[in-house]
Amino acid sequence: MPHTKLRWGLLSTARINRALIPAIRAAQRSELVAVASRTLEQAERYAHEWSIPRAFGSYEAMLESEDVDVVYISLPNRLHAEWAIRALRAGKHVLCEKPLATRLEDVDAMITAARENGRVLAEAFMYRHHPQTLKVKALVDSGAIGAPKLVRGAFTFTIARADDIRLDPALDGGSLWDVGCYPVSYARYLFGREPLEAHGVAVRGASGVDETFVGWLRFGEDAFALFDSGFRAPERMHIEVVGSEGVIVVPSPFKPGARETIYLGKSSTTLEPLTVEGPEQLYLGEVEDMEAAALDGAPQRISLEDSRNNVAALIALYRAAGMR
């Protein structure tokens, strides 16, 4: 008989798992059944901490299990492609953390593996599933601010540990890959097309990765996106959308809560609040999207073409900054 629930396995014990675990447990058609780590001791300790039924002492062992339907990959960027492809070839659906990969040839290989094996591959951009994001897109598409001209965004925070994997060039660390990808994705989503030009300036840290990145993208003759990302600034997350006839301000675009307020007006001095209700679990949307795609054959909210194009835009920005 076909499964009526997706049985999830966590491929690694990364910190981000803490955000996804409650979402899996809140979803109606999902259950968390396993975790894999590089040692059985570590996997068992994690499984005990989070009340996960099974622990595997290697990633390979979990992929061989017939008791896991979908794998969540929260490994460092450089390892996304390898383990996503291995999971897909093992017959697992895959939810992979953003960015899907850091090379277009790797993205293409991942997409090929998903299609050849008849499995779902999805990029874990949780904000794209939130009602707030869908509301902002609907406002822009309805002409509420006229033609969109500028999307301005930022995502920064401070990394305190020198050994943080996001500072490791061998693992494809860097602020653009880690958090700059959000405002780039947001701008592409709102404009509904791909950028024509990319420009960027990177400030490298001691390890060589971009600890600060400032970039802009041109989407048309008078349509632009401006953003900054970084690991050496206070926590900042915002999006402003400027149209020919109005403005939308989104104070919490990338990690929205269950009740958020966005602002809409004809100018920055006439902004009116709009309240948007969302789920208690921010990551629930991407879990439910996987359920619908894997169990019902429904279209994914974030297509693989969309994910590929976001990686292409990020690569173009790195090249413009002389880092590729």
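Go through the range 96-143 and count every residue that is aliphatic (A, V, I, L, M) and touching a Gly at 6+ places or on another chain (Cβ under 7 Å). Even if it seems obvious, please write down each step before you answer.
Step one: of the range 96-143, the residues aliphatic (A, V, I, L, M) are 100-101, 104, 107, 109-111, 113-114, 120-122, 124, 126, 134, 136, 138-140.
Now restrict to residues that are touching a Gly at 6+ places or on another chain (Cβ under 7 Å): 126.
Selection size over the range 96-143: 1.
Could you list, in sequence order, all residues of the range 23-37 that are of a type in the set (Gly, Ala, Ser) and crowded, with 20+ Cβ neighbours inside 10 Å? Break it down stepwise before answering.
Let us first name the residues in the range 23-37 that are of a type in the set (Gly, Ala, Ser), namely 23, 26-27, 30, 34, 36-37.
Hits for the range 23-37 are ALA23, ALA27, SER30, ALA34, ALA36, SER37.
Does the range 149-157 contain any residue that is among the hydrophobic types (A, V, I, L, M, F, W, C), out of contact with any Lys or Arg (no Cβ under 7 Å at 6 or more places or on another chain), farther than 25 Å from VAL214 by Cβ and in contact (Cβ under 8 Å) with a residue 24 or more places away in the chain? No, the range 149-157 contains no residue that is among the hydrophobic types (A, V, I, L, M, F, W, C), out of contact with any Lys or Arg (no Cβ under 7 Å at 6 or more places or on another chain), farther than 25 Å from VAL214 by Cβ and in contact (Cβ under 8 Å) with a residue 24 or more places away in the chain. It is to be established whether one or more residues within the range 295-316 are farther than 23 Å from LEU104 by Cα, among the acidic types (Asp, Glu) and either modelled with pLDDT of 95 or more or crowded, with 20+ Cβ neighbours inside 10 Å (or both). Yes: the range 295-316 contains one or more residues that are farther than 23 Å from LEU104 by Cα, among the acidic types (Asp, Glu) and either modelled with pLDDT of 95 or more or crowded, with 20+ Cβ neighbours inside 10 Å (or both). Tell me, yes or no, whether the range 179-192 has at least one residue that is surrounded by fewer than 17 Cβ atoms within 10 Å (Cβ to Cβ), in contact (Cβ under 8 Å) with a residue 12 or more places away in the chain, on the phi < 0 side of the Ramachandran plot and not assigned by TED's automatic domain parsing to the domain that holds SER74. Looking for residues that are surrounded by fewer than 17 Cβ atoms within 10 Å (Cβ to Cβ), in contact (Cβ under 8 Å) with a residue 12 or more places away in the chain, on the phi < 0 side of the Ramachandran plot and not assigned by TED's automatic domain parsing to the domain that holds SER74, one finds none in the range 179-192, hence no.
Among the residues of the range 297-311, is there at least one that is more than 14 Å from the chain's Cα centre (by Cα), assigned to a helix (DSSP H, G or I), more than 16 Å from ARG128 (Cα to Cα) and outside the structural domain of GLY246 (by TED's automatic domain parsing)? Within the range 297-311 (the criterion being more than 14 Å from the chain's Cα centre (by Cα), assigned to a helix (DSSP H, G or I), more than 16 Å from ARG128 (Cα to Cα) and outside the structural domain of GLY246 (by TED's automatic domain parsing)), the answer is no, since none of the residues qualifies.
Could you look through the range 254-280, keep only residues that are charged (D, E, K, R) and over 30 Å from LYS98 (Cα atoms), and pick out the one that is surrounded by the fewest Cβ atoms within 10 Å (Cβ to Cβ)? Can you show your working first?
The initial filter retains those residues of the range 254-280 that are charged (D, E, K, R), namely 255, 259-260, 266, 272, 277, 280.
Those left that are additionally over 30 Å from LYS98 (Cα atoms): 266, 272.
Numbers: LYS266: 14, GLU272: 9.
Among them, the one singled out is GLU272.
Considering PRO234, PRO273, PRO253, PRO279, which residue is touching a Ser or Thr at 6+ places or on another chain (Cβ under 9 Å), in a loop (DSSP other than H, G, I, E, B), at negative phi and of a type outside the set (Val, Ile, Thr)?
Details: PRO234 fails: in a loop (DSSP other than H, G, I, E, B); PRO273 fails: in a loop (DSSP other than H, G, I, E, B); PRO279 fails: touching a Ser or Thr at 6+ places or on another chain (Cβ under 9 Å).
Answer to the check: PRO253.
The values are calculated or read from the model by the stated rules, or taken from the named source; none is laboratory data. The structure presented is a predicted model; accordingly, all values stated were derived computationally and were not measured. With ideal geometry, Cβ positions are generated from the backbone for all residues, glycine too; neighbour counts draw on all protein chains shown.
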